[in-house]
1. Note down all Cβ pairs under 9 Å where the first residue falls in region 29-55 and is under 13 Å from T16 (Cα atoms), the second is surrounded by fewer than 13 Cβ atoms within 10 Å (Cβ to Cβ) and of a type in the set (A, V, I, L, M), and they're at least six residues apart or on different chains.
2. Would you check if V7 is within 17 Å of P56 (Cα to Cα) and of a type outside the set (G, A, S)?
3. Within region 31-45, take every residue that is outside any strand (DSSP E or B) and within 11 Å of the chain's Cα centre (by Cα) and give me the one that is nearest to E13 (Cα to Cα).
4. Out of the residues in region 39-82 meeting the condition of being of a type in the set (D, E) and over 23 Å from I5 (Cβ atoms), tell me which one is modelled with the lowest pLDDT.
5. Can you pull out the residues in region 1-28 that are surrounded by 12 or more Cβ atoms within 10 Å (Cβ to Cβ), within 12 Å of W52 (Cα to Cα), free of Cβ contacts under 8 Å to residues at least 24 places away in the same chain and acidic (D, E)?
Amino acid sequence: MSEWISVKDRLPEDETDVLVWCDGEGWDKAFYQDGDWRDALEGFRIYNVSHWMIPPEPPTSELSGEITSLTEHTVLGLLTED
């Protein structure tokens, strides 16, 4: 399982999606680029990041005899269908 890493100890590779912990605000999905933390979905700057971690593998379910990974994009697509 992934562990939280302090930004004082190490930063992720540029443009790698990670989970971040923002002091006083909670967690978000973000990436680090050119010295700034950015929201992974909308790209706005994120402040007060104290820790980050590589996201865990998504859950899988067996559907019609095939293993299908449920990704964030799949779930968001289902939620936004008309």
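The values are calculated or read from the model by the stated rules, or taken from the named source; none is laboratory data. If you're wondering where the values come from, they're calculated on a predicted model, not measured in any experiment. For neighbour counting, all protein chains shown are included, and Cβ atoms are generated from backbone atoms with ideal geometry for every residue, glycine included.
1. Correct list of pairs: K29/L41; L41/L76.
2. So V7 fails the test.
3. Among those residues, the one meeting the criterion is A40.
4. D82
5. D28
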